[in-house]
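Have a look at the structure below, then the notes.
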Amino acid sequence: ELLRALLGIYLDKNSPHPFPTGAEVRDVYIVDPGLAVIDTNSVLADNHRSGILVEELTIASLVRTLAANIPGINRVKILVEGKERDTLAGHADLSDFYDTLAISKASDQWAAAGQ
């Protein structure tokens with residue numbers, strides 16, 4: 001429900017980081033105490049704005065939301081329609097796991113650079 005709420009914000013046309021209409025989180029699995037898997041629909045990936053920064057911001061939002069709300073999550077894997085995919089929309093790598101601490105640090109650096 002957390003990620004669906006996040007997507008609801010990004011699906012708003014006035015969002016500074018809009019997601020494509022119809023984008024959904026299909027499910028979230030807690031595979032072991034430290035690993036979460038996010039399964040999105042193909043609309044999120046196929047119709048996502050392309051570009052490394054916008055794709056990384058999407059991934060960071062999903063990963064940080066889970067890490068902030070589910071204690072002990074330290075790695076996140078993102079699937080599309082239940083399958084692995086090389087990239088989100090041509091740039092951001094989805095082939096590996098995302099370390100929540102590394103994503104948090106990178107996000108903080110992006111925020112500091114933007115101020």
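Identify, please: which residue in the stretch 80-115 is of a type outside the set (A, V, I, L, M, F, W, C) and part of a helix (DSSP H, G or I) and is, among those, modelled with the highest pLDDT? Spell out the reasoning first.
To start, the set of residues in the stretch 80-115 that are of a type outside the set (A, V, I, L, M, F, W, C) comprises 81-87, 90-91, 93, 95-96, 98-100, 104-105, 107-109, 114-115.
Filter once more, keeping what is part of a helix (DSSP H, G or I): 100, 104-105, 107-109, 114.
Values: Thr100: 93, Ser104: 84, Lys105: 85, Ser107: 74, Asp108: 76, Gln109: 76, Gly114: 66.
Looking at residues that are of a type outside the set (A, V, I, L, M, F, W, C) and part of a helix (DSSP H, G or I), I get Thr100.
Filter the stretch 60-115 down to the residues that are polar (S, T, N, Q) and over 16 Å from Tyr29 (Cβ atoms) and list them by number.
Those that are polar (S, T, N, Q) and over 16 Å from Tyr29 (Cβ atoms): Ser61, Thr87, Ser95, Ser104, Ser107, Gln109, Gln115.
Just to be sure, is Arg4 under 17 Å from Leu79 (Cα atoms) and either at pLDDT below 85 or not in a helix (DSSP H, G or I) (or both)?
On the way: under 17 Å from Leu79 (Cα atoms): yes; either at pLDDT below 85 or not in a helix (DSSP H, G or I) (or both): yes.
When the stated conditions are applied, Arg4 passes them.
Which one of Lys13, Lys77 is among the charged types (D, E, K, R), under 12 Å from the mean Cα position of the chain (by Cα) and either outside any loop (DSSP other than H, G, I, E, B) or modelled with pLDDT under 90 (or both)?
Values: Lys13 fails: under 12 Å from the mean Cα position of the chain (by Cα).
Matching residue, one of Lys13, Lys77: Lys77.
Go through the residues of the stretch 33-54 one by one and say whether even a single one is crowded, with 19+ Cβ neighbours inside 10 Å and part of a helix (DSSP H, G or I). Give the derivation first.
Within the stretch 33-54, the subset crowded, with 19+ Cβ neighbours inside 10 Å is 36, 38, 40, 44-45, 48.
Subset that is part of a helix (DSSP H, G or I): 44-45.
Yes, the stretch 33-54 contains a residue that is crowded, with 19+ Cβ neighbours inside 10 Å and part of a helix (DSSP H, G or I).
Taking the options Asp99, Asp27, name whichever one is free of Cβ contacts under 8 Å to residues at least 24 places away in the same chain and either among the charged types (D, E, K, R) or in contact with a Ser or Thr (Cβ under 6 Å, 6 or more places away or on another chain) (or both).
Working: Asp99 fails: free of Cβ contacts under 8 Å to residues at least 24 places away in the same chain.
Every option except Asp27 fails the conditions.
Kindly evaluate Thr58 against the criterion of being closer than 26 Å to Ala111 by Cα, in contact (Cβ under 8 Å) with a residue 40 or more places away in the chain, hydroxyl-bearing (Ser, Thr, Tyr) and in contact with a strand residue (DSSP E or B) (Cβ under 9 Å, 6 or more places away or on another chain).
On the way: closer than 26 Å to Ala111 by Cα: yes; in contact (Cβ under 8 Å) with a residue 40 or more places away in the chain: yes; hydroxyl-bearing (Ser, Thr, Tyr): yes; in contact with a strand residue (DSSP E or B) (Cβ under 9 Å, 6 or more places away or on another chain): no.
Spelling it out, it is not the case that Thr58 is closer than 26 Å to Ala111 by Cα, in contact (Cβ under 8 Å) with a residue 40 or more places away in the chain, hydroxyl-bearing (Ser, Thr, Tyr) and in contact with a strand residue (DSSP E or B) (Cβ under 9 Å, 6 or more places away or on another chain).
Counting only residues that are modelled with pLDDT of 90 or more and hydroxyl-bearing (Ser, Thr, Tyr), which one in the stretch 40-73 is nearest to Thr21 (Cα to Cα)?
Filtering first and then ranking leaves Ser42.
The values are calculated or read from the model by the stated rules, or taken from the named source; none is laboratory data. Everything numeric here is computed off the predicted structure, so don't read it as measured data. Heads up, the Cβs are rebuilt from the backbone with ideal geometry, glycines too, and the neighbour counts pull from every protein chain shown.
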